[in-house]
């Protein structure tokens, strides 16, 4: 790939070459306009990896570093003209058949019910990048009483304050890392978070360090690369803040490079119109244990 306006990069998931331009965008999005990035001469491209198939968002020199300054103030732009509390209430009020979040919760509960022993109680869930809190709030509502307790990690100060106001789960304000000492969770979730980081393999490795050994489950949900072909270029999924888009192959590569064993990958067409890839993974030791206990006599 060659372009005088763009900075060529290797794929952050598998380190192979980025070699096929999927989409060229010539208008800055609302986050870029907020930062004063001009329309004149603007170009940004989504470029596909020749090996794993993930797509990378390639920016003009300097623009990516300017966008990084929004990391601690994302919601000031995203919820301009409304409040995070209003967004929370609106999503929570949606009927299940029209709610991406309700279907996500049902999907995860169904998987965990099949993975765990029916007698297990005192289970713990950690949601990294909890945002508005709709996932954890609904997850706890749908859980059997006293079976699950929850912890949210959220770096945005506005969102963290909102999460604390819900009084439904523990809240840790800050970026997630292994240094937080969060351990022994039966379920760790990364809901539409991995696409926001430059080093997805590193993040998934650190998230996996919080799993209960050997059988904790990591759930990862990311935007699907199909968005390039089926949504307008102005769609938020194709916006400047996202680093990568995935498909079932590239999410499997990501999980493998992070040292995890993939259990299931789904391609989902959400009620909102979003196209999503979702995966369940665990430590390889859990696979070995289950294979041994279920081996034929």
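Only the coordinates and a few stated rules stand behind these numbers; no lab work does. On a predicted model such as this, the values are computed, not experimentally measured, just so you know. Note: ideal-geometry Cβ built from the backbone for every residue, glycine included; neighbour counts use all protein chains shown.
General observations
- Computed over the chain, the per-residue total of -39500 (n - 2.57) for DSSP H runs of n ≥ 4 gives a 222 nm mean residue ellipticity of -8500 deg cm²/dmol, rounded to 500.
- For the stretch 109-228, the Kirkwood radius over C-alpha pairs fed into Stokes-Einstein at 4 °C and 1.567 mPa s yields D = 87 µm² per second.
- Rounded to 0.05, the FRET efficiency of the residue 205 and residue 89 pair, given R0 = 25 Å and the Cβ-Cβ distance, is 0.10.
- Within the chain, antiparallel bridges make up roughly 60 percent of the DSSP beta bridges whose residues both belong there.
- GNM top mover of 15, 206, 195 - the chain, alpha-carbon springs below 10 Å: 15
- Counted by neighbouring Cβ atoms within 10 Å, the residues 58, 125, 220 run from fewest to most as 58, 125, 220.
- Working from Cα pairs under 8 Å separated by at least six residues, relative contact order for the chain is 17 percent.
- Among 154, 86, sorting on how many other beta-carbon atoms sit within 10 Å of each Cβ, with the fewest leading, yields 86, 154.
- Residues of the stretch 112-146 with amide N under 15 Å of a point placed 7 Å along Cα→Cβ from residue 293: 112-121
- Note on the chain: with a GNM built from Cα contacts shorter than 10 Å, the maximum mean-square fluctuation among 164, 33, 231 falls on 33.
- Computed on the stretch 205-272, the Cα convex hull volume stands at 112 Å³ per residue.
- Highest GNM mean-square fluctuation among 56, 189, 234, for the chain modelled with Cα contacts below 10 Å: 234.
- The value obtained for the stretch 169-282, namely the Cα convex hull volume divided by the number of residues, is 117 Å³ per residue.
- Projected area, mean over directions - the chain, Cα convex hull, nm²: 16.2
- Inter-label distance, nm, simple model (7 Å from Cα along the C-beta direction), residue 96/residue 235: 2.6
- Stokes-Einstein diffusion of the stretch 22-169 at 37 °C, 0.692 mPa s viscosity, Kirkwood radius from Cα pairs, rounded to a whole number: 180 µm²/s.
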